[in-house]
Amino acid sequence: MFDQVLFFFNALLQQTGAANLSWGNLVMIAIGGTMIYLAIAKHYEPLLLIGIGFSCIVANVPGPPDVPGGPPVSALLYVVKEGGLFHYAYEGVAKLIIPPLIFLGVGAMTDFGPMIANPRLVILGAGAHLGIFVALILAKLCGFSINEAGAIGIIGGADGPMAIFVTVKLAPHLLGPISVAAYSYMALMPMIQPPVMKFLTTPEERRIEMAQLRKVSKLEKLVFPAAIAIIVNLFFPPVAPLITMLMLGNLLKEAGVTERLAKTAGGALMNIIIIILTVAIGSTMAADKFLNWDTILIVGLGLLAFLFGTASGVITAKVMNLFMTVKINPLIGSAGIASVPIAARVSHIVANQANPHNHLIFHAMGPNLAGVFGTAISGGIMLALLGVQ
Amino acid sequence: MIPDTVYGAVLLSIIDFFLSFVVIAGIGIVLALFPYLNRLGTIDEKKLRESGH
């Protein structure tokens, strides 16, 4: 009788996930928990980290095997499988439907005035992308193929949708770890960037105040999206879908006659896309898929890309200062890495700590927005050179 | 086009980094011309908003 109870109890246990919990799952649950902690307690990009962290935790709570004797499958992975709700969410990412929609929303929420007002600073949008190429060369040295290395390098562009876009084109099998690295580091920029920025600047440089930007007229703001869309479609067709949608969203905002559409693109639609995207990304973080040498290398190279990108942006700004009579605060250089508006906020906060009268946010938004184009241009050139359409 | 070697990766990086600077500088030049647009006239934002949907 007792043996029978024990047998049935054991059989019942095998039907649950508890018997299949591995140390890898525990590590990933801790990582997911840390993401949620940083989002709630430290306010580090909660819109991204809550969804990624939560789905990372759930993806690592194993359920019963899908087939008797097979590997455990978590409840979240059930909905990721074909026919499940988040399967279609992930397909939206993999089939490149979601990245252009994110750009549409970003465009509808963004005022490109700071970039138009100070065109000299757009060069920082290219200067802050050295990290892409450092990571690319190191990835090749680590044994990745050139296409895989290019996809890993683009993490340094600090632009989630662009990282997804380029990765799907170059190395779709790396989409999970690359999107996780890109979005996680973007969210963690307030921790990653300041030490590099402070190391490369003197307290005097951090205290530099910048003159107020000129007012940009409505006509300029209306011409801007059309001009950029023409330039990008003309010269960089591989990345045109993203920038075109960014500019369409911006035109909806600036036109003044499509307020409803701009509000939807930058509001409700964007929120839906963020929920889908973050859960889709977090669901790829199951320990058995995520905890391997390649992923660890990709995550490490992504961090290096962010560090070098931040450093090269600050150094580019310092080099520009050598030729300028009115000096710029070199802290805005790191904002050229993209990741709108996180990197601009970091520049502002670090400058504000050095000089409480310093409000760099609008100045930093110029290079920050230029960084979006810088990443797109780098990605477009990379795809063209690698012969990928 | 680019060989799948470390040399290829370095070559790709140099070309891409250099061209990115050139193109971004080009966009900067286009933006520097934007203030001249204001010579064409001004747009009444209030009127635009009133005619919105």
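The values are calculated or read from the model by the stated rules, or taken from the named source; none is laboratory data. Please read these numbers as outputs of a predicted model, since none were measured by experiment. Positions of Cβ are backbone-derived with ideal geometry, glycine not excepted, and every protein chain shown enters the neighbour counts.
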Using beta carbons and a limit of 7 Å, which pairs, at least six apart or on different chains, have the first residue in the stretch A:34-46 and surrounded by fewer than 18 Cβ atoms within 10 Å (Cβ to Cβ) and the second one small (Gly, Ala, Ser) and assigned to a helix (DSSP H, G or I)?
-> A:46/A:39
Would you point out which residue out of A:312, A:283 is in contact (Cβ under 8 Å) with a residue 60 or more places away in the chain, under 25 Å from residue A:105 (Cβ atoms) and of a type in the set (Ser, Thr, Tyr)?
-> A:283
Boolean, residue B:22 is within 24 Å of the chain's Cα centre (by Cα), closer than 18 Å to residue A:376 by Cβ, more than 7 Å from chain A (Cβ to nearest Cβ) and part of a helix (DSSP H, G or I) | yes
When every residue in the stretch A:349-366 that is assigned to a helix (DSSP H, G or I) and under 14 Å from residue A:114 (Cα atoms) is compared, the one nearest to the other protein chains (Cβ to nearest Cβ) is A:366
Assuming residue A:344 fulfils every condition listed in (1) crowded, with 23+ Cβ neighbours inside 10 Å; (2) touching a residue at least 40 places away in the same chain (Cβ under 8 Å); (3) over 20 Å from residue A:167 (Cβ atoms); (4) within 18 Å of the chain's Cα centre (by Cα) apart from one, which condition is it?
-> (2)
Take the residues in the stretch A:320-351 that are among the polar types (S, T, N, Q) and modelled with pLDDT of 95 or more, then tell me which one is farthest from residue A:106 (Cα to Cα).
-> A:321
Give me the pairs, please: first residue somewhere in the stretch A:88-106 and outside any helix (DSSP H, G or I), second residue anywhere and surrounded by 17 or more Cβ atoms within 10 Å (Cβ to Cβ), beta-carbon distance under 7 Å, and either six or more positions apart or on two chains.
-> A:96/A:165; A:96/A:168
Can residue B:8 be described as exposed (fewer than 15 other Cβ atoms within 10 Å of the Cβ), small (Gly, Ala, Ser) and at pLDDT 90 or above?
-> no
Just to be sure, is residue A:160 within 14 Å of another protein chain (Cβ to nearest Cβ) and modelled with pLDDT under 95?
-> no
Exactly one of B:13, B:51 is at pLDDT below 95 and facing chain A (nearest Cβ under 7 Å), and that residue is B:51
Please verify whether the stretch A:365-387 includes one or more residues that are farther than 28 Å from residue A:166 by Cα and without any contact (Cβ under 8 Å) to a residue 60 or more places away in the chain.
-> no
Applying the selection to the stretch A:367-389, what residues are more than 9 Å from chain B (Cβ to nearest Cβ), aliphatic (A, V, I, L, M) and buried (at least 24 other Cβ atoms within 10 Å of the Cβ)?
-> A:369, A:372, A:376
Picking from A:356, A:330, which residue would you name as being out of contact with any Cys (no Cβ under 9 Å at 6 or more places or on another chain) and free of Cβ contacts under 8 Å to residues at least 40 places away in the same chain?
-> A:356
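Each row is one residue, and each column tells you yes or no for (1) within 14 Å of chain B (Cβ to nearest Cβ); (2) free of Cβ contacts under 8 Å to residues at least 60 places away in the same chain; (3) farther than 24 Å from residue A:110 by Cα; (4) crowded, with 20+ Cβ neighbours inside 10 Å.
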| site | (1), (2), (3), (4) |
| --- | --- |
| A:178 | no, no, yes, yes |
| A:198 | no, no, yes, no |
| A:222 | yes, yes, no, no |
| A:234 | yes, yes, no, no |
| A:254 | yes, yes, no, yes |
Return only the number of the condition from (1) part of a helix (DSSP H, G or I); (2) more than 24 Å from residue A:309 (Cα to Cα); (3) within 7 Å of chain A (Cβ to nearest Cβ) that residue B:35 does not satisfy.
-> (3)
If you go through the stretch A:119-148 one residue at a time, how many are outside any helix (DSSP H, G or I), at the interface with chain B (Cβ under 9 Å from one of its Cβ atoms) and buried (at least 24 other Cβ atoms within 10 Å of the Cβ)?
-> 1
